[in-house]
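Reviewing the structure listed below.
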Amino acid sequence: MKHIKRTATAVALATSALLVSACSAGTTADTADNVADGKPIVNKENWPEKIPTSGLTKDLTLPLEAYMASYEDQVTVEQAANELQQSCMKDYGIDLTLPRAGANPPPSDNDANIERRYGLTDRAQAEKYGYELPPALQEHTKQTMRDLSGVEVEVLTGHTKPELPQAPEGVKTGSAFTGPGQTKPARAEYNGKKLRAGGCIGWSKAQLGVKEADPTFVAQLAGDSLVQSMKDDKVIKAIAAWSSCMDGKGHKGLADPYKAMDQGVTHDGKPSQESIALAVDDIDCKKQTDLVKIWSEVESAIQNKQITDNKSRLTGIKEQHGTEVAAARKQMAASAQ
């Protein structure tokens with residue numbers, strides 16, 4: 001059960017907060033070359049589907065997904081914030097190009113990670129890639145961004161450039177033991193213009209109505225529902241049937257689908273014939289035992305109760321998402337004119 005809980009947490013919290021990454025991108029430099037092979041920086045063809053269209057999770061959604069931000073919406077808010085920040089910086093005489101949002105999509109549309117929530121589910125992909133992600137999702141599109149001077153960081157963030165604290169005696173500088181970088185409030189003005197509260201990043205969030213709400217609450221509920229579902233008799237029985245099926249195909253000692261994933265993932269990202277065979281048998285056994293359907297129905301019931309118990313807070317989160325996305329779309333439309 002400890003293994004399941006760790007896996008459930010990883011599944012639930014897999015999607016990073018895009019606005020956070022946007023802020024960090026503004027203070028660190030990516031010195032790698034930009035895309036130079038003719039491929040677009042942002043390729044929407046690689047973006048995850050909102051609802052799976054193939055495999056055992058085809059057309060499957062969970063109740064809590066209604067309260068999760070989709071990848072498209074997250075990208076919209078991040079890109080709108082980026083454009084506002086660039087415009088704000090220009091007001092201070094600083095030309096800055098931030099990385100384009102949406103260049104490196106995750107494998108799933110939201111924090112539910114439905115395609116692999118119950119282990120591997122798409123046989124067609126398994127036949128090609130085993131437990132690995134498709135090559136397009138393993139690539140990382142790097143975007144060049146120049147290093148920012150101290151004053152540019154202040155204008156952008158509202159605080160000074162982070163400085164590493166003094167390392168303890170005997171510990172090398174740059175070690176994890178030195179802790180996070182320390183900052184101080186930014187100067188009051190630059191180029192004769194008063195700096196904005198929170199810098200251009202803070203201003204962009206204010207323009208879009210972005211609030212610093214807990215970004216992991218819904219994902220944590222989803223992680224809890226996954227853990228709880230594992231204790232249900234129907235799921236326990238279905239997983240046991242799946243394990244027995246796998247045993248019959250020569251895959252001994254696999255207590256649950258996550259164990260199969262652990263065993264099947266290769267270290268170099270290239271599937272072996274053994275991992276492909278394991279992946280195909282894994283999915284065939286899921287289909288034979290109806291595992292995904294049984295498991296998702298049990299978890300849906302758990303999530304419906306979670307929604308009832310947290311209705312007010314979840315409604316507020318959903319409304320906040322809507323407010324931010326609407327503002328972001330309006331900003332994007334205005335900047336396109």
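Quick one: in the stretch 260-269, which of the residues that are in contact (Cβ under 8 Å) with a residue 12 or more places away in the chain, within 23 Å of the chain's Cα centre (by Cα) and surrounded by fewer than 18 Cβ atoms within 10 Å (Cβ to Cβ) is nearest to A241 (Cα to Cα)?
Within the stretch 260-269, the match that is nearest to A241 (Cα to Cα) is V265.
Residue pairs, Cβ under 6 Å, 6 or more apart or interchain, first in the stretch 298-325 and at positive phi and touching a residue at least 60 places away in the same chain (Cβ under 8 Å), second part of a helix (DSSP H, G or I) and buried (at least 17 other Cβ atoms within 10 Å of the Cβ). List them.
Listed by first residue and then by second, the contacts come to nothing, as the list is empty.
Give me a count of the residues in the stretch 130-150 that are over 30 Å from A279 (Cβ atoms), surrounded by 17 or more Cβ atoms within 10 Å (Cβ to Cβ) and at pLDDT 90 or above.
Qualifying residue count, the stretch 130-150: 2.
Name the single residue that is farthest from K234 (Cα to Cα) among those in the stretch 270-292 being without any contact (Cβ under 8 Å) to a residue 24 or more places away in the chain and surrounded by fewer than 17 Cβ atoms within 10 Å (Cβ to Cβ).
This residue is Q273.
Tally time: how many residues in the stretch 259-270 are over 20 Å from L226 (Cα atoms), touching a helix residue (DSSP H, G or I) at 6+ places or on another chain (Cβ under 6 Å) and either among the hydrophobic types (A, V, I, L, M, F, W, C) or assigned to a helix (DSSP H, G or I) (or both)?
Summing the residues that are over 20 Å from L226 (Cα atoms), touching a helix residue (DSSP H, G or I) at 6+ places or on another chain (Cβ under 6 Å) and either among the hydrophobic types (A, V, I, L, M, F, W, C) or assigned to a helix (DSSP H, G or I) (or both) in the stretch 259-270 gives 1.
Considering only residues that are among the hydroxyl-bearing types (S, T, Y) and either more than 27 Å from the chain's Cα centre (by Cα) or not in a helix (DSSP H, G or I) (or both), which ones fall in the stretch 271-293?
Hits for the stretch 271-293 are S272, T289.
Would you say K286 is among the basic types (K, R), touching a Phe, Trp or Tyr at 6+ places or on another chain (Cβ under 8 Å) and farther than 29 Å from I317 by Cα?
In short, yes.
The values are calculated or read from the model by the stated rules, or taken from the named source; none is laboratory data. Source: prediction; values computed, not measured. Here the Cβ is made from the backbone with ideal geometry for all residues, glycine too, and neighbour counts use every protein chain on show.
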